[in-house]
Amino acid sequence: MRAEVFARLLSERAAKRSVAILTNLQSGEQSLLGPSDEMGGLALSATLREAALRAIEQDSSRTIETEEGPVFIHVHSPPLRLAVVGAVHIAQPLVAMATVAGYAVTLIDPRQAFASDERFPGVAIMREWPGEALARLEPDHRTAIVTLGHDPKLDDPALDAALRSDAFYIGALGSERTQAARRERLREAGFTDADFKRIHGPVGLAIGARSPAEIAVSIIAEMTQARRQPGALAGRAGAGAR
Amino acid sequence: MVGSVHKAPVEDGVLARAARWRQAGKKVVLATVVTTWGSSPRPVGSQLAVSDDGAFVGSVSGGCVEGAVISEALEIIEKGGTRLLEFGVTNEQAWEVGLACGDTVRIFVEKIEEG
(Lines give C-alpha, C1' and ligand atoms only; values in the text may rest on other atoms or scores of the structure.)
Protein backbone atom coordinates (compact mmCIF):
# COMPACT_ATOMS: atom_id res chain seq x y z
CA MET A 1 0.00 0.00 0.00
CA ARG A 2 1.37 3.37 -0.99
CA ALA A 3 2.05 5.76 1.87
CA GLU A 4 -0.30 8.40 0.46
CA VAL A 5 -3.15 5.87 0.10
CA PHE A 6 -2.65 4.76 3.71
CA ALA A 7 -2.61 8.39 4.89
CA ARG A 8 -5.79 9.11 2.95
CA LEU A 9 -7.48 5.99 4.38
CA LEU A 10 -6.67 7.18 7.92
CA SER A 11 -8.00 10.68 7.28
CA GLU A 12 -11.24 9.37 5.73
CA ARG A 13 -11.76 7.10 8.72
CA ALA A 14 -11.11 9.98 11.10
CA ALA A 15 -13.69 12.04 9.18
CA LYS A 16 -16.12 9.08 9.48
CA ARG A 17 -16.59 8.76 5.72
CA SER A 18 -17.03 5.42 3.91
CA VAL A 19 -14.34 4.53 1.37
CA ALA A 20 -13.22 1.41 -0.47
CA ILE A 21 -9.69 0.17 -1.14
CA LEU A 22 -9.58 -1.81 -4.39
CA THR A 23 -6.66 -4.22 -4.85
CA ASN A 24 -5.85 -6.38 -7.85
CA LEU A 25 -4.79 -9.55 -6.08
CA GLN A 26 -2.52 -10.62 -8.96
CA SER A 27 -0.67 -7.41 -9.68
CA GLY A 28 -0.97 -5.80 -6.24
CA GLU A 29 -2.08 -2.55 -7.94
CA GLN A 30 -4.36 -0.59 -5.65
CA SER A 31 -6.65 2.45 -5.56
CA LEU A 32 -8.80 4.19 -2.99
CA LEU A 33 -12.32 5.19 -4.00
CA GLY A 34 -13.64 8.07 -1.90
CA PRO A 35 -16.95 9.91 -1.88
CA SER A 36 -15.91 12.27 -4.66
CA ASP A 37 -12.62 11.06 -6.10
CA GLU A 38 -10.14 8.21 -6.41
CA MET A 39 -6.39 7.86 -5.98
CA GLY A 40 -3.82 5.14 -6.61
CA GLY A 41 -2.29 2.97 -9.31
CA LEU A 42 -5.20 0.66 -10.15
CA ALA A 43 -7.25 1.96 -13.07
CA LEU A 44 -10.95 1.77 -12.17
CA SER A 45 -13.24 0.77 -15.01
CA ALA A 46 -16.87 1.89 -14.88
CA THR A 47 -17.87 -1.66 -13.88
CA LEU A 48 -15.32 -1.77 -11.08
CA ARG A 49 -16.31 1.64 -9.77
CA GLU A 50 -19.98 0.64 -9.80
CA ALA A 51 -19.24 -2.60 -7.95
CA ALA A 52 -17.26 -0.68 -5.33
CA LEU A 53 -20.03 1.86 -4.82
CA ARG A 54 -22.50 -0.97 -4.35
CA ALA A 55 -20.17 -2.68 -1.85
CA ILE A 56 -19.87 0.60 0.10
CA GLU A 57 -23.65 1.01 0.13
CA GLN A 58 -24.11 -2.57 1.37
CA ASP A 59 -21.24 -2.18 3.84
CA SER A 60 -19.76 -5.47 2.70
CA SER A 61 -16.30 -6.25 1.33
CA ARG A 62 -15.95 -8.73 -1.55
CA THR A 63 -13.75 -10.02 -4.36
CA ILE A 64 -14.90 -9.64 -7.95
CA GLU A 65 -13.40 -11.21 -11.09
CA THR A 66 -12.15 -8.90 -13.84
CA GLU A 67 -10.24 -9.49 -17.08
CA GLU A 68 -7.11 -8.29 -15.30
CA GLY A 69 -7.58 -10.74 -12.43
CA PRO A 70 -9.50 -10.83 -9.13
CA VAL A 71 -10.00 -7.47 -7.45
CA PHE A 72 -10.67 -7.26 -3.71
CA ILE A 73 -12.99 -4.43 -2.70
CA HIS A 74 -12.35 -3.62 0.95
CA VAL A 75 -15.07 -1.41 2.40
CA HIS A 76 -14.00 0.82 5.27
CA SER A 77 -17.13 2.17 6.96
CA PRO A 78 -17.27 4.44 9.97
CA PRO A 79 -18.08 2.63 13.22
CA LEU A 80 -21.68 1.78 14.03
CA ARG A 81 -23.16 4.38 16.36
CA LEU A 82 -25.08 3.97 19.58
CA ALA A 83 -27.05 6.74 21.25
CA VAL A 84 -27.86 5.99 24.89
CA VAL A 85 -30.57 8.16 26.42
CA GLY A 86 -30.43 8.41 30.21
CA ALA A 87 -27.14 8.51 32.12
CA VAL A 88 -28.38 5.96 34.65
CA HIS A 89 -26.47 3.10 36.28
CA ILE A 90 -27.14 0.64 33.42
CA ALA A 91 -25.65 3.19 31.01
CA GLN A 92 -22.22 2.78 32.64
CA PRO A 93 -21.60 -0.86 31.64
CA LEU A 94 -23.60 -0.42 28.41
CA VAL A 95 -21.40 2.45 27.21
CA ALA A 96 -18.22 0.56 28.14
CA MET A 97 -19.25 -2.75 26.54
CA ALA A 98 -20.64 -1.13 23.38
CA THR A 99 -17.35 0.73 22.95
CA VAL A 100 -15.43 -2.54 23.15
CA ALA A 101 -17.91 -3.99 20.62
CA GLY A 102 -16.86 -1.26 18.18
CA TYR A 103 -19.68 1.26 18.54
CA ALA A 104 -19.09 5.00 18.60
CA VAL A 105 -21.21 5.81 21.65
CA THR A 106 -22.93 9.08 22.55
CA LEU A 107 -24.63 9.49 25.90
CA ILE A 108 -27.58 11.88 26.09
CA ASP A 109 -28.96 13.34 29.32
CA PRO A 110 -29.72 16.96 30.18
CA ARG A 111 -29.29 16.28 33.92
CA GLN A 112 -25.79 17.36 34.91
CA ALA A 113 -25.78 15.27 38.07
CA PHE A 114 -26.35 12.08 36.07
CA ALA A 115 -24.31 12.91 32.98
CA SER A 116 -21.17 13.85 34.87
CA ASP A 117 -17.64 13.25 33.65
CA GLU A 118 -16.94 11.55 36.94
CA ARG A 119 -19.61 8.94 36.30
CA PHE A 120 -18.71 8.64 32.59
CA PRO A 121 -15.01 9.41 32.14
CA GLY A 122 -13.95 9.84 28.53
CA VAL A 123 -17.49 9.37 27.16
CA ALA A 124 -18.98 11.67 24.51
CA ILE A 125 -21.90 13.28 26.37
CA MET A 126 -24.63 15.58 25.02
CA ARG A 127 -26.18 17.40 27.97
CA GLU A 128 -29.37 18.43 26.26
CA TRP A 129 -32.90 17.18 25.69
CA PRO A 130 -32.99 13.94 23.71
CA GLY A 131 -35.15 15.31 20.88
CA GLU A 132 -32.65 18.07 20.15
CA ALA A 133 -29.62 15.86 20.68
CA LEU A 134 -30.89 13.17 18.31
CA ALA A 135 -31.82 15.76 15.71
CA ARG A 136 -28.18 16.84 15.73
CA LEU A 137 -26.87 13.25 15.69
CA GLU A 138 -28.97 12.42 12.61
CA PRO A 139 -29.36 8.67 13.27
CA ASP A 140 -29.13 6.50 10.15
CA HIS A 141 -29.38 2.80 9.24
CA ARG A 142 -26.07 2.19 11.05
CA THR A 143 -27.26 3.70 14.33
CA ALA A 144 -28.80 2.05 17.40
CA ILE A 145 -30.80 4.03 19.95
CA VAL A 146 -31.47 2.80 23.49
CA THR A 147 -33.57 4.69 26.05
CA LEU A 148 -32.85 3.95 29.70
CA GLY A 149 -34.43 7.03 31.26
CA HIS A 150 -37.48 5.30 32.77
CA ASP A 151 -39.05 8.72 32.51
CA PRO A 152 -41.41 9.74 29.67
CA LYS A 153 -39.99 13.28 29.74
CA LEU A 154 -36.66 11.85 28.57
CA ASP A 155 -37.67 8.71 26.71
CA ASP A 156 -40.70 9.84 24.70
CA PRO A 157 -38.95 12.59 22.73
CA ALA A 158 -36.09 10.17 22.09
CA LEU A 159 -38.43 7.45 20.80
CA ASP A 160 -40.25 10.03 18.71
CA ALA A 161 -36.97 10.98 17.02
CA ALA A 162 -35.86 7.33 16.79
CA LEU A 163 -39.07 6.23 15.04
CA ARG A 164 -38.66 9.00 12.48
CA SER A 165 -35.14 7.73 11.67
CA ASP A 166 -33.76 4.63 9.93
CA ALA A 167 -32.08 3.42 13.15
CA PHE A 168 -31.46 -0.34 12.83
CA TYR A 169 -32.24 -0.91 16.51
CA ILE A 170 -34.48 0.93 18.96
CA GLY A 171 -34.61 -0.36 22.52
CA ALA A 172 -36.55 1.00 25.48
CA LEU A 173 -36.12 -0.02 29.10
CA GLY A 174 -39.39 -0.51 30.97
CA SER A 175 -41.90 -3.14 32.09
CA GLU A 176 -44.76 -4.47 29.99
CA ARG A 177 -47.01 -1.98 31.79
CA THR A 178 -44.63 0.87 31.00
CA GLN A 179 -44.52 -0.26 27.37
CA ALA A 180 -48.33 -0.36 27.15
CA ALA A 181 -48.61 3.19 28.49
CA ARG A 182 -45.86 4.24 26.11
CA ARG A 183 -47.71 2.65 23.21
CA GLU A 184 -50.80 4.74 24.04
CA ARG A 185 -48.81 7.97 24.16
CA LEU A 186 -47.08 7.18 20.86
CA ARG A 187 -50.43 6.36 19.26
CA GLU A 188 -51.78 9.72 20.42
CA ALA A 189 -48.69 11.31 18.89
CA GLY A 190 -49.67 9.78 15.55
CA PHE A 191 -47.51 6.64 15.42
CA THR A 192 -48.94 3.32 14.21
CA ASP A 193 -48.64 -0.17 15.71
CA ALA A 194 -46.11 -0.98 12.99
CA ASP A 195 -43.99 1.91 14.26
CA PHE A 196 -44.32 0.69 17.83
CA LYS A 197 -43.18 -2.80 16.80
CA ARG A 198 -39.81 -1.33 15.90
CA ILE A 199 -39.22 -0.67 19.60
CA HIS A 200 -37.62 -3.52 21.54
CA GLY A 201 -39.16 -3.25 24.98
CA PRO A 202 -38.64 -4.59 27.56
CA VAL A 203 -35.15 -4.13 26.21
CA GLY A 204 -32.58 -6.87 25.54
CA LEU A 205 -32.60 -10.61 24.88
CA ALA A 206 -34.29 -12.76 27.53
CA ILE A 207 -31.28 -14.22 29.33
CA GLY A 208 -32.50 -13.57 32.85
CA ALA A 209 -30.30 -10.48 33.19
CA ARG A 210 -30.56 -8.75 36.56
CA SER A 211 -27.51 -6.62 37.31
CA PRO A 212 -26.75 -3.50 35.23
CA ALA A 213 -23.83 -5.30 33.55
CA GLU A 214 -25.96 -8.33 32.70
CA ILE A 215 -28.66 -6.09 31.26
CA ALA A 216 -25.99 -4.35 29.17
CA VAL A 217 -24.91 -7.76 27.82
CA SER A 218 -28.51 -8.60 26.88
CA ILE A 219 -28.96 -5.24 25.12
CA ILE A 220 -25.75 -5.59 23.10
CA ALA A 221 -26.73 -9.17 22.22
CA GLU A 222 -30.08 -7.91 20.92
CA MET A 223 -28.41 -5.09 18.96
CA THR A 224 -26.06 -7.67 17.42
CA GLN A 225 -28.98 -9.88 16.46
CA ALA A 226 -30.87 -6.94 14.95
CA ARG A 227 -27.89 -6.30 12.70
CA ARG A 228 -26.78 -9.83 11.88
CA GLN A 229 -30.11 -11.74 11.89
CA PRO A 230 -32.77 -9.11 11.29
CA GLY A 231 -35.45 -11.79 10.72
CA ALA A 232 -34.83 -13.58 14.01
CA LEU A 233 -36.27 -10.81 16.15
CA ALA A 234 -39.75 -10.83 14.64
CA GLY A 235 -42.30 -11.53 17.33
CA ARG A 236 -39.67 -11.73 20.03
CA ALA A 237 -39.93 -8.18 21.30
CA GLY A 238 -40.86 -7.81 24.91
CA ALA A 239 -38.62 -10.46 26.40
CA GLY A 240 -35.96 -8.37 28.04
CA ALA A 241 -35.19 -6.02 30.87
CA ARG A 242 -37.70 -3.81 32.56
CA MET B 1 -15.18 0.34 36.60
CA VAL B 2 -15.63 2.22 33.33
CA GLY B 3 -12.07 3.21 32.62
CA SER B 4 -9.89 3.90 29.62
CA VAL B 5 -11.70 1.43 27.34
CA HIS B 6 -13.91 4.24 26.05
CA LYS B 7 -11.32 5.98 23.99
CA ALA B 8 -10.28 3.51 21.30
CA PRO B 9 -12.92 1.35 19.64
CA VAL B 10 -11.43 -2.12 19.22
CA GLU B 11 -12.23 -2.44 15.52
CA ASP B 12 -10.34 0.72 14.77
CA GLY B 13 -7.29 -0.56 16.59
CA VAL B 14 -5.39 -2.24 13.76
CA LEU B 15 -4.97 0.69 11.38
CA ALA B 16 -4.53 3.16 14.23
CA ARG B 17 -1.77 1.02 15.72
CA ALA B 18 -0.15 0.61 12.30
CA ALA B 19 -0.14 4.40 11.95
CA ARG B 20 1.50 4.83 15.36
CA TRP B 21 4.19 2.27 14.51
CA ARG B 22 4.96 4.15 11.30
CA GLN B 23 5.15 7.44 13.19
CA ALA B 24 7.71 5.78 15.45
CA GLY B 25 9.79 4.93 12.37
CA LYS B 26 8.88 1.26 12.19
CA LYS B 27 8.13 -0.67 9.04
CA VAL B 28 4.65 -2.21 8.87
CA VAL B 29 3.01 -5.00 6.88
CA LEU B 30 -0.75 -5.39 6.62
CA ALA B 31 -2.52 -8.75 6.13
CA THR B 32 -6.19 -8.77 5.07
CA VAL B 33 -8.69 -11.65 4.77
CA VAL B 34 -9.96 -11.40 1.17
CA THR B 35 -11.89 -14.66 0.75
CA THR B 36 -13.27 -17.29 3.11
CA TRP B 37 -14.87 -20.66 2.47
CA GLY B 38 -16.65 -22.60 5.18
CA SER B 39 -16.84 -21.50 8.77
CA SER B 40 -13.95 -19.06 8.95
CA PRO B 41 -13.79 -17.43 12.36
CA ARG B 42 -12.84 -14.00 10.99
CA PRO B 43 -14.88 -12.34 8.24
CA VAL B 44 -13.63 -10.91 4.95
CA GLY B 45 -11.91 -7.59 5.61
CA SER B 46 -10.38 -8.63 8.95
CA GLN B 47 -6.86 -7.32 9.30
CA LEU B 48 -3.59 -8.06 11.05
CA ALA B 49 -0.72 -5.56 11.19
CA VAL B 50 2.86 -6.65 11.82
CA SER B 51 5.77 -4.35 12.69
CA ASP B 52 9.43 -4.98 11.88
CA ASP B 53 10.15 -5.90 15.50
CA GLY B 54 7.61 -8.74 15.26
CA ALA B 55 4.80 -7.09 17.23
CA PHE B 56 1.32 -7.65 15.81
CA VAL B 57 -2.25 -6.45 16.33
CA GLY B 58 -5.57 -7.76 15.01
CA SER B 59 -6.29 -11.20 13.55
CA VAL B 60 -7.03 -13.04 10.32
CA SER B 61 -8.20 -16.33 11.83
CA GLY B 62 -9.03 -17.85 15.16
CA GLY B 63 -5.31 -17.94 15.83
CA CYS B 64 -4.29 -20.93 13.70
CA VAL B 65 -2.59 -19.17 10.77
CA GLU B 66 -1.34 -15.99 12.42
CA GLY B 67 2.13 -17.45 12.97
CA ALA B 68 2.57 -18.32 9.29
CA VAL B 69 1.19 -14.95 8.17
CA ILE B 70 3.56 -13.10 10.49
CA SER B 71 6.60 -14.97 9.15
CA GLU B 72 5.52 -14.17 5.55
CA ALA B 73 5.05 -10.56 6.62
CA LEU B 74 8.53 -10.36 8.08
CA GLU B 75 9.92 -11.69 4.79
CA ILE B 76 8.51 -8.80 2.77
CA ILE B 77 8.91 -6.12 5.41
CA GLU B 78 12.36 -5.09 4.14
CA LYS B 79 12.03 -5.43 0.38
CA GLY B 80 8.32 -4.62 0.02
CA GLY B 81 5.88 -6.20 -2.41
CA THR B 82 2.73 -8.23 -1.89
CA ARG B 83 1.75 -11.87 -1.40
CA LEU B 84 -1.49 -13.78 -1.69
CA LEU B 85 -1.61 -16.67 0.81
CA GLU B 86 -4.12 -19.46 0.96
CA PHE B 87 -4.71 -21.74 3.91
CA GLY B 88 -7.10 -24.66 3.92
CA VAL B 89 -7.51 -28.28 4.90
CA THR B 90 -6.54 -29.45 1.41
CA ASN B 91 -3.37 -27.41 1.59
CA GLU B 92 -0.38 -29.18 3.07
CA GLN B 93 0.90 -25.94 4.46
CA ALA B 94 -2.31 -25.62 6.42
CA TRP B 95 -1.52 -28.79 8.32
CA GLU B 96 1.94 -27.52 9.01
CA VAL B 97 0.54 -24.39 10.61
CA GLY B 98 -2.25 -26.26 12.29
CA LEU B 99 -5.36 -25.06 10.48
CA ALA B 100 -7.52 -27.77 11.96
CA CYS B 101 -10.71 -25.75 12.10
CA GLY B 102 -11.86 -26.93 8.66
CA ASP B 103 -12.11 -23.61 6.87
CA THR B 104 -10.20 -22.06 4.01
CA VAL B 105 -9.00 -18.47 3.91
CA ARG B 106 -7.17 -16.34 1.37
CA ILE B 107 -5.07 -13.57 2.85
CA PHE B 108 -3.47 -10.64 1.01
CA VAL B 109 -0.23 -9.45 2.55
CA GLU B 110 1.23 -6.05 1.66
CA LYS B 111 3.81 -3.68 2.99
CA ILE B 112 2.70 -0.15 3.80
CA GLU B 113 5.37 1.75 1.90
CA GLU B 114 7.58 4.21 3.67
CA GLY B 115 7.43 7.89 2.89
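The values are calculated or read from the model by the stated rules, or taken from the named source; none is laboratory data. Source: prediction; values computed, not measured. So basically every Cβ, Gly included, is an ideal-geometry build from the backbone, and we count neighbours across all protein chains shown. What goes into the accessible areas is simple: the full protein's heavy atoms, side chains included, and nothing from ligands, DNA or RNA. Shrake-Rupley method; radii C 1.70, N 1.55, O 1.52, S 1.80 Å.
In percent, how large is the relative contact order of segment A:119-242, given Cα pairs closer than 8 Å and 6 or more residues apart?
23 percent
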Pairs of lysine residues in the protein assembly as shown - Cα separation under 15 Å, sequence separation of 8 or more or cross-chain: 5
Probe 1.4 Å - accessible area at residue A:88, Å² to nearest ten: 30 Å²
Stretch gain in nm, segment residue A:189-residue A:36, where the contour uses 0.36 nm per residue and the Cα spacing is subtracted: 51.0 nm
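Give the dimensionless ratio obtained when the Cα radius of gyration of segment A:81-233 is divided by 2.2 N^0.38 Å. Spell out each step's value before the answer.
On the way: Rg = 14.1 Å, N = 153, 2.2 N^0.38 = 14.9 Å.
Its radius of gyration relative to the 2.2 N^0.38 Å reference: 0.95.
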Residue A:39 - accessible surface, heavy atoms, 1.4 Å probe, Å² rounded to 10: 50 Å²
In nm, spacing of pseudo-spin labels at residue A:43 and residue B:113 (7 Å Cα→C-beta vector): 1.9 nm
Solvent-accessible heavy-atom area per residue, rounded to whole Å², over the protein assembly as shown at 1.4 Å: 46 Å²
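Looking at the protein assembly as shown from every direction and averaging, what is the projected area of its Cα convex hull in nm²?
Values: hull surface 79.8 nm².
Result: 20.0 nm².
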Per-selection Rg to Rh, segment B:25-69 - Cα, Kirkwood hydrodynamic radius: 1.00
Cα extents of segment A:3-76 along the three principal axes, largest first (Å): 34, 27, 17
Probe 1.4 Å, all protein chains present, accessible-area order of A:143, A:192, A:178, largest first: A:192, A:178, A:143
Carbon and sulfur %, accessible surface of segment A:154-224 computed with the full protein complex present, 1.4 Å: 53 percent
For residue A:68, net neighbour charge (Lys/Arg +1, Asp/Glu -1) across residues whose Cβ lies under 15 Å away: -2
Accessible surface of residue A:47 - all protein chains present, 1.4 Å probe, nearest 10 Å²: 100 Å²
Summed buried accessible surface, chains A and B, 1.4 Å probe, nearest 100 Å²: 2300 Å²
Cα convex hull of segment A:86-167, projected area averaged across orientations, nm²: 4.9 nm²
Within 10 Å of each Cβ in B:57-66, the average number of Cβ atoms from other chains: 0
List A:170, B:70, ordered by accessible area with a 1.4 Å probe, largest first: B:70, A:170
DSSP-defined beta bridges in the protein assembly as shown - what % are antiparallel, rounded to 5: 70 percent
Peptides ranked, highest mean first, by Cβ atoms within 10 Å: ranges A:196-204, B:73-81: A:196-204, B:73-81
Environment charge at residue B:61 (Cβ cut-off 10 Å; Lys +1, Arg +1, Asp -1, Glu -1): -1
Partner chain coverage, peptide A:95-101 - average Cβ within 10 angstrom: 4
